[in-house]
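The values are calculated or read from the model by the stated rules, or taken from the named source; none is laboratory data. Just so you know, these numbers come straight off a predicted model, no measurement behind them. No Cβ is skipped: glycine too gets one built from the backbone with ideal geometry, and neighbour counts run over all protein chains shown.
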Amino acid sequence: MVTAVYLLTALVFYLLWRGRWPCCAARWLAMTAVTAAYCLWVVWRHLPENHRPGETDLLPRFGWGNRLTLLRGLMISLVAGFLFSPWPGGWLGWLPALLYTIADFADYVDGYAARITNHATRLGERLDMEFDGLGLVIVTLLAVWYGQLPLWYLPIGLARYFFVFGLWLRQKRNLPARPLPHSWHRRIFAGFQMAFMSVVLWPIVPATGAAIAGTLFGLATSASFLRDWLVVIGWIDPATAVYRQWQRRVYVVMAVYLPPLFRLMLLVSLCYVYINFDTGQWAALFTAWRLPAPTIWVQFWLVGGVVTAVLVILGIMGRLMTLPLLFPLGFTLLVGERSTAEVLFMTATAVTCTILILLLGTGALSIWRPEEKWMVRRAGE
């Protein structure tokens, strides 16, 4: 049934592309078929693990958690079809981002669905890891192919496979590999990375902003993988008092003391941008997008940018408010060729500070941070 759903979905999309995207429909079908076949092979290979942890009896159904994970595999396969073809125009250009966003949402709720139905299985854990890595590789390749991210970003998309290869190599050489302890930092950075890769495929995201954000998210992801690798090879022991002491020091510096400095830099850079930027450029941009009442949209984002910036600077739901704040900053970067170098530099500085606050939080001297507790919880906990 799963194979039939994969095949039927791919054929429906192919028939749609044949009429609306005839130049690339066959290539899209070929890339999708290869990726879907790999996903189905992974499922078939690990079917003997469709049992609850601590049990050996196979379950007769996939369960809702695994079904959502299988949906992720299907969405990732559909995204893979866009590889090595030009970015389609119009509404079709939004489909890669939409499909990967659906995969992200399924990733967020599949574990919750498995837990509340008492259907958490080793198969689900295996598929979750496999599809996480596959999805990140495909969406990174696509973002680089579309010119949204630089070529050097590819190793970050392949980080999990490098990690797995390193583990395999150590096993072949009979070297020890320590198990990884639970880390909510790892899960948070992985979630941010996946969300970023969804947004970077939006046709309206400027390549300059994507490169800035990609660098920061990539550094966070790389640091997480490096720390995990040092744990695996035994150079770091998270159970020691020395490690915990240094971890606490790094956390205090990065998440408590530095964010207020980023908020101050954000205030200065935004004041400069708002004073010196010609908002008529936004109106021209919205007109080119054929938005109704472009002047009203300009006013909406001007007011929205000021409100969200104030909330971020004061530390009121700071991480959450960085998301809408990135929109007016992105619009400014999109019309960058008509702006002065100083405005572009200060806009890039504001984008950098905003993303750092998203990653690290608002730190000390914050007024209200209700979103922090939800970031360390899995869905349903």
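Looking at the structure I just gave you, is W246 farther than 30 Å from T340 by Cα, loosely packed, with under 15 Cβ neighbours inside 10 Å, touching a Phe, Trp or Tyr at 6+ places or on another chain (Cβ under 9 Å) and not β-branched (V, I, T)? No; evaluated as a whole, the condition is false for this residue.
Checking each residue of region 280-292 against the condition of being surrounded by 13 or more Cβ atoms within 10 Å (Cβ to Cβ), at pLDDT 95 or above, aliphatic (A, V, I, L, M) and under 22 Å from P324 (Cβ atoms) gives no match.
When region 41-88 is limited to residues that are among the small types (G, A, S) and in contact (Cβ under 8 Å) with a residue 12 or more places away in the chain, the one that is surrounded by the most Cβ atoms within 10 Å (Cβ to Cβ) turns out to be G81.
For region 128-140, does any single residue satisfy the condition of being surrounded by fewer than 14 Cβ atoms within 10 Å (Cβ to Cβ) and closer than 25 Å to N50 by Cα?
Checked region 128-140: at least one residue is surrounded by fewer than 14 Cβ atoms within 10 Å (Cβ to Cβ) and closer than 25 Å to N50 by Cα.
Which of the residues spanning region 145-161 are in contact (Cβ under 8 Å) with a residue 24 or more places away in the chain and either within 26 Å of I233 (Cα to Cα) or β-branched (V, I, T) (or both)?
The first filter runs over region 145-161 and keeps only residues in contact (Cβ under 8 Å) with a residue 24 or more places away in the chain, leaving 145-150, 153, 156, 159-161.
Y153, I156, A159, R160, Y161 - these are the residues of region 145-161 that are in contact (Cβ under 8 Å) with a residue 24 or more places away in the chain and either within 26 Å of I233 (Cα to Cα) or β-branched (V, I, T) (or both).
Of R72, R67, all but one fail to be under 19 Å from the mean Cα position of the chain (by Cα), of a type in the set (D, E, K, R) and at pLDDT 95 or above; the exception is R72.
Residues considered: T35, T9, T3, T56. Of these, the only one that is farther than 19 Å from M75 by Cα and not aliphatic (A, V, I, L, M) is T56. For region 135-193, a residue qualifies if it is in contact with a helix residue (DSSP H, G or I) (Cβ under 7 Å, 6 or more places away or on another chain) and basic (K, R), and the qualifying residues are R160, R178, R186. For L285, the conditions (1) more than 29 Å from L360 (Cα to Cα); (2) in contact (Cβ under 8 Å) with a residue 60 or more places away in the chain are fulfilled apart from (2).
Residue-wise test of (1) closer than 18 Å to L359 by Cβ; (2) out of contact with any helix residue (DSSP H, G or I) (no Cβ under 7 Å at 6 or more places or on another chain); (3) β-branched (V, I, T); (4) modelled with pLDDT of 90 or more.
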| site | (1), (2), (3), (4) |
| --- | --- |
| T215 | yes, yes, yes, yes |
| F225 | yes, no, no, yes |
| L230 | no, yes, no, yes |
| W235 | no, yes, no, yes |
| A255 | yes, no, no, yes |
| L261 | yes, yes, no, yes |
| Y272 | no, no, no, yes |
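When restricted to residues that are among the hydrophobic types (A, V, I, L, M, F, W, C) and either closer than 19 Å to V335 by Cβ or not in a helix (DSSP H, G or I) (or both), region 251-296 contains 14. Among the conditions (1) part of a helix (DSSP H, G or I); (2) closer than 30 Å to L47 by Cβ; (3) modelled with pLDDT of 90 or more, R178 misses just one, which is (1).
Within region 227-236, the residues that satisfy the criterion of being surrounded by 12 or more Cβ atoms within 10 Å (Cβ to Cβ) and in a loop (DSSP other than H, G, I, E, B) are I233, I236. Among residues of region 27-40 that are of a type in the set (V, I, T), those with a beta-carbon under 6 Å from a residue that is part of a helix (DSSP H, G or I) and surrounded by fewer than 23 Cβ atoms within 10 Å (Cβ to Cβ) at least six positions away or on a different chain give the pairs T32/A10.
Close Cβ contacts (under 9 Å, 6 or more residues apart or on different chains) running from residues in region 227-251 that are farther than 16 Å from W184 by Cα to residues that are surrounded by 15 or more Cβ atoms within 10 Å (Cβ to Cβ) and among the β-branched types (V, I, T) comprise L230/I236; D237/V231; Y243/I236. Determine, yes or no, whether G19 is surrounded by fewer than 15 Cβ atoms within 10 Å (Cβ to Cβ), modelled with pLDDT under 95, assigned by TED's automatic domain parsing to the domain that holds W91 and assigned to a helix (DSSP H, G or I). For G19, the condition - surrounded by fewer than 15 Cβ atoms within 10 Å (Cβ to Cβ), modelled with pLDDT under 95, assigned by TED's automatic domain parsing to the domain that holds W91 and assigned to a helix (DSSP H, G or I) - is met.
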